[in-house]
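Student: Below: one structure in structure tokens.
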Amino acid sequence: GDSVTQTEGLVTVTEGLPVKLNCTYQTTYLTIAFFWYVQYLNEAPQVLLKSSTDNKRTEHQGFHATLHKSSSSFHLQKSSAQLSDSALYYCALTPRSGTYQRFGTGTKLQVVP
Amino acid sequence: NAGVIQTPRHKVTGKGQEATLWCEPISGHSAVFWYRQTIVQGLEFLTYFRNQAPIDDSGMPKERFSAQMPNQSHSTLKIQSTQPQDSAVYLCASSNLNTGQLYFGEGSKLTVL
């Protein structure tokens, strides 16, 4: 079956410093799309990034991620964390078109002054 | 354009009682998904509908959980004989499936005493 692994439950980073949230996956399908969702406190999860192209960098709102099929990874990074980035981040994959998305357990990002 | 609407936002039930949660998807979206969110498990897939037809309910606890989509404008998730372990935030999402991106509602927080 499919699985998404986010190894860190909580990541704390100082404002202005770089941050990296890890995401690895296992899937038996070849046609897949990957997403990062962000959920701010008391809000709905919303998509942050999407990618289905191997080795292509995707960017949005200062965050970026590159899908690496060779290492089964889709890590999320930002060069300079902001206080407003504090939120819960989910990595997800859609194994094939027209089916449900499989989510990781989520990583809470805490940006401190 | 209104987003996904979920009601009630909060529901408290006693052990053994029934709980029904409602979801109104975004108009024009062909797919509706139900997820359960907990700190330990993250976002767990429960079931989904495409064009009102049930497609995959592999995540549903079979005995007490049921979901329906009687028309294109709403879906319900019913939990019979609620147990304390059912306490969670239940999230509904809709998608037009072409992009694969999910649009989530703000969730219904169920507390079973």
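The values are calculated or read from the model by the stated rules, or taken from the named source; none is laboratory data. Everything numeric here is computed off the predicted structure, so don't read it as measured data. All Cβ positions, glycine included, derive from the backbone under ideal geometry; neighbour counts span all protein chains shown. All accessible areas refer to the heavy atoms of the entire protein, side chains included, with ligands and DNA or RNA removed. Shrake-Rupley method; radii C 1.70, N 1.55, O 1.52, S 1.80 Å.
Student: For the range A:3-112, report the convex hull volume of the alpha-carbon atoms normalised per residue, in Å³, without decimals.
Tutor: 94
Student: Still on this model: For the charge dipole of the protein assembly as shown, defined by +1 on Lys and Arg C-beta atoms and -1 on Asp and Glu C-beta atoms about the Cα centroid, which residue among A:Gln77, B:Phe33, B:Tyr90 has the Cα displaced farthest towards the positive pole?
Tutor: Of the listed residues, the answer is B:Phe33.
Student: Carbon and sulfur atoms: what percent of the 1.4 Å accessible area of the range A:3-112 do they account for?
Tutor: 48
Student: Here's something else I'd like to know. For the pair B and A, how large is the buried accessible area, both sides, in square angstrom to the nearest 100, if the probe is 1.4 Å?
Tutor: For B against A, buried area totals roughly 1500 Å².
Student: Comparing A:Ala44, A:Ala81, A:Ala65, which has the greatest mean-square fluctuation in the GNM of chain A with Cα pairs linked when under 10 Å apart?
Tutor: A:Ala44
Student: Search the structure for amide H atoms under 5 Å from the amide H of B:Gln17, placed 1.01 Å from N in the peptide plane, and list their residues when 5 or more places away or on another chain.
Tutor: Here the answer is B:Thr82, since their amide H atoms fall under 5 Å of that of B:Gln17.
Student: How big is the Cα convex hull of the range B:52-113 in projection, averaged over all directions, in nm²?
Tutor: 5.0
Student: Also: Could you tally the net charge around B:Lys11, taking each other residue with its Cβ under 13 Å from the Cβ of B:Lys11, Lys/Arg +1 and Asp/Glu -1?
Tutor: Net charge around B:Lys11: +1.
Student: List the residues of the range B:66-113 that lose 20 Å² or more of accessible area once all protein chains are present, compared with their chain alone (1.4 Å probe, heavy atoms only, no ligands or nucleic acids).
Tutor: B:Leu97, B:Thr99, B:Gly100, B:Gln101, B:Leu102, B:Phe104, B:Glu106
Student: Something else: Which of the lysines could a cross-linker span from B:Lys109 if the Cα-Cα distance has to be under 24 Å and same-chain partners fewer than 8 positions apart are dropped?
Tutor: Filter leaves A:Lys108, B:Lys11, B:Lys15, B:Lys62, B:Lys78.
Student: Taking Cα pairs under 8 Å and at least six residues apart, what relative contact order does the range B:1-71 come out at, in percent?
Tutor: 20
Student: May I pose another question? What is the Cα convex hull volume of the protein assembly as shown when expressed per residue in Å³?
Tutor: Roughly 122 Å³ of hull volume per residue.
Student: For chain A, calculate the relative contact order in percent as a whole number, restricting contacts to Cα pairs under 8 Å that are 6 or more residues apart.
Tutor: Relative CO of chain A lands at 37 percent.
Student: Counting only protein heavy atoms, what percent of the accessible surface of chain B is carbon or sulfur at a 1.4 Å probe?
Tutor: 47
Student: Report the per residue volume, in Å³, of the convex hull enclosing the C-alpha atoms of the range B:7-89.
Tutor: Each residue corresponds to 94 Å³ of Cα convex hull volume.
Student: How much accessible area per residue does the range B:5-108 have, counting only protein heavy atoms and a probe of 1.4 Å, in square angstrom?
Tutor: Ligands and nucleic acids excluded, the result is 48 Å² per residue.
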